[in-house]
1. Under 8 Å for C-alpha pairs, at least 6 residues apart: give me the relative contact order for the chain, rounded to a whole percent.
2. Can you tell me how the stretch 213-293 classifies by the Cα gyration tensor, rounded, prolate or oblate, using a/c under 1.5 as the rounded cut?
3. Whole-Hz ³J(HN,Hα) for each residue in the stretch 248-259, computed from phi via Karplus 6.51 cos²θ - 1.76 cosθ + 1.60 with θ = phi - 60°, x for glycine and proline: what do you get?
4. Set the Förster radius R0 to 35 Å, insert the Cβ-Cβ distance between Asn128 and Asn72 as r into 1/(1 + (r/R0)^6), and round the FRET efficiency to 0.05.
5. Find how much the distance from Asp161 to Val202 grows on full extension, using 0.36 nm per residue of separation minus their present alpha carbon separation; answer in nm with one decimal.
6. Once the dipole of the stretch 295-457 is set up with Lys and Arg at +1 and Asp and Glu at -1 on Cβ about the Cα centre, which of Phe309, Gly354, Cys426 lies farthest towards its positive end?
7. At what distance in nm do the modelled label points of Lys243 and Ser271 sit from each other, each positioned 7 Å from its Cα along Cα→Cβ?
8. Under 5 Å between amide hydrogens, which residues at least 5 positions from Ile456 or on another chain qualify, with H placed 1.01 Å from N in the peptide plane?
Amino acid sequence: MEKTFFSDFFNVSRTIMKEYGAFDISLISDTPAFIDPFLLYSSKIEGYQKAHRDIIEYIKFLCKKAEEAKTNPNVLEEYYYFKEPKQNWLGYVQYGSCGYGLKNKFAEELCTNASSYINNFGHETITNSSHMEKLCLFSDGHGLDNVSDFTTCLIMPFLLDYTEKFSKKYLDDKYCKKQLVRRAYFDYKTEEWKDKEYYLPVFENDYVILVPEDILVKGENYISRKNFIEDLKYSRIVIEDIKFREHINEYIAEIIHNEFTNFELNEKINSLIRKYPQLIDYYIKSKENNSNQAIEDNKNLIREFDIIFNQNCNELIKLLKENTKFYDLEDINETSAILKRLSYLKCIIEKFDGNKCLYIDNRRIDTKLLTILFNRVWFAGRPKEGNNRYIDYTLEFKTAFNSPIGNVLANRYVNNNKKDKVRILCYIYFNDREHSMLTQKINDYGLSRNEKIIIIDAGKNSH
């Protein structure tokens, strides 16, 4: 079988990884899963709870340093800026693991929120515990990946210990090395980030960090800005003070029923929660009271990923190996080889029941997950190449469902002035309506004879 997972490249049983609790990451591309600090809090495992306490301790330190950081860029950079922890292979990158990381804006807004709106962090009276997500609820723009990356950096000692123990117990020495990890832990006595050496698995000249699968989420953190706003709008937040609750509900009703733009509505809500930051505590309290839902959501996610990226991915690879020469083609960066591979993929999906691999529980796979699935099948057994290598083509997998087909075709083939790259587009459709829509747009732009546009029928009843 072509290699795609950590267990494949490091020759360790998936059963062992499952028993240890480690998520079997792909080493072909990032997995769109993210660490949720709330799952550390809600766990009964002491190691997880300690990791959560470590997060809170550092946030308290940030609150203490916030005023100084606002006027001293060196303090801001030292304590609030973090690089993306790419070694855990979690995120949105479709090939490889090098994303964009935490932006300066994230650090600056953390500093502002810590100094201006949170004066009780670590000493809350409404919630059962402090939560680092609190700092990310005062304004937009702090998405799932930002919170996950920040959390990863703050629990690095836990993750490195977790990975080192697994490596020493289950991995052959030829796969591991002593690695000096930069900014591995924070020393509160000297107020410095310190380096530390760990025995870790090494892949493509970089170490790999394993993550427990029971602290991962996909769509949103359990405590998130989006969910907080929804709960505010629909009065789902339990506020014991009746007068205060009525005042908040009246304010929310007023701004919702006025014809504000999304930007204006967002600013109104920002003003409200900055004036009454205790609203965030009431919201978090409601999430604490329903922590079992976070655990259940995590279990569903792990099951979904196991079906898509393990069972379905391996089945698709198997079909390609047994029925085509898909993996026999050497230089997959040659246009002719790419088009030949796409013809094999089309054949397997349309004639060998490969379409079944694009569904889960009788539902088509989410578009983003489908793209990642195809990338893993495409690059199976081939580790990511150096970022400096020039590739003179772009290959994109897209679905006809919920896609601006006309804009995509125009940008790739009609209005494209960059003639130095070959543009190859593979569209997947799932029903007759999508097929009709797709072919109509292709004909409208006079592209029906373009051999670099491939369409694949993945409908359930078409084979």
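1. 16
2. Oblate, since a/c reaches 1.5 and b/c is not below a/b.
3. 5, 4, 5, 5, 5, 4, 5, 6, 6, 7, 7, 8
4. Numbers: r = 35 Å, r/R0 = 0.99.
E(calc), rounded to 0.05, equals 0.50.
5. 13.2 nm
6. Looking along the dipole axis, the top candidate is Cys426.
7. 2.3
8. Tyr427, Ile428, Tyr429
All of the numbers you see were taken from the coordinates with simple rules; none came from a lab. Just so we're clear, the structure is a prediction, and the values are computed from it rather than from any experiment. Counting neighbours? That spans all protein chains shown, and the Cβs are built from the backbone with ideal geometry, glycine included.
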